[in-house]
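Structure first, commentary second.
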Amino acid sequence: MREILTKHTGKTPLDLPKPIERKSFGTIEMTESINLFDSLNQLSEPITSVFPKTMEEVGQDYGFILYETMVSGPRPQQQLNIRGLHDRALVFLDNQFLGTYERWEDKKSLTIEIPKEGAILSILVENMGRMIIRLTPDSERK
């Protein structure tokens, strides 16, 4: 990268800082864990809305956001389609993992079935960075 920048700018690259010394802290054994759904109250405060809000609308620039809704039942098997996803979404029904949607997948859908007592649909969205889309006039396309 430095060579490419030098070639195109004609400027001599700055000296790189010395690498940071690495240290070994030994092996760390993980002995405990907690379920995401059991720890939501410690991680965040809920926001109630009649429609899903974007991360920007709730003042969150990065990380994860969990969308939840109660779906009335019974509902026979049907496809769950998520439109307008610009990130990665993990889908859960009554806290059971169903599958993942990726922003680069055109038409993926999951099959869900809602029991007569209803179910909680949870969609955990991971912010994967901002997408910048530049529209180019036809005259500039090659």
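The values are calculated or read from the model by the stated rules, or taken from the named source; none is laboratory data. Bear in mind that the values here come from a model prediction, so they are computed numbers and not experimental data. Here the Cβ is made from the backbone with ideal geometry for all residues, glycine too, and neighbour counts use every protein chain on show. When the accessible area is computed, the model is the full protein with side chains, heavy atoms only, and any ligands, DNA or RNA have been set aside. Shrake-Rupley method; radii C 1.70, N 1.55, O 1.52, S 1.80 Å.
Looking at region 22-44 only, could you name the residues that are surrounded by 10 or more Cβ atoms within 10 Å (Cβ to Cβ) and touching a residue at least 60 places away in the same chain (Cβ under 8 Å)?
L36, F37
Residue under question is L90, and the condition is that it be in a loop (DSSP other than H, G, I, E, B), open to solvent by less than 50 Å² (accessible area, probe 1.4 Å) and among the hydrophobic types (A, V, I, L, M, F, W, C); does it hold? Please lay out each step first, then the result.
Working: in a loop (DSSP other than H, G, I, E, B): no; open to solvent by less than 50 Å² (accessible area, probe 1.4 Å): yes; among the hydrophobic types (A, V, I, L, M, F, W, C): yes.
Here the answer is no, as L90 does not meet what is asked.
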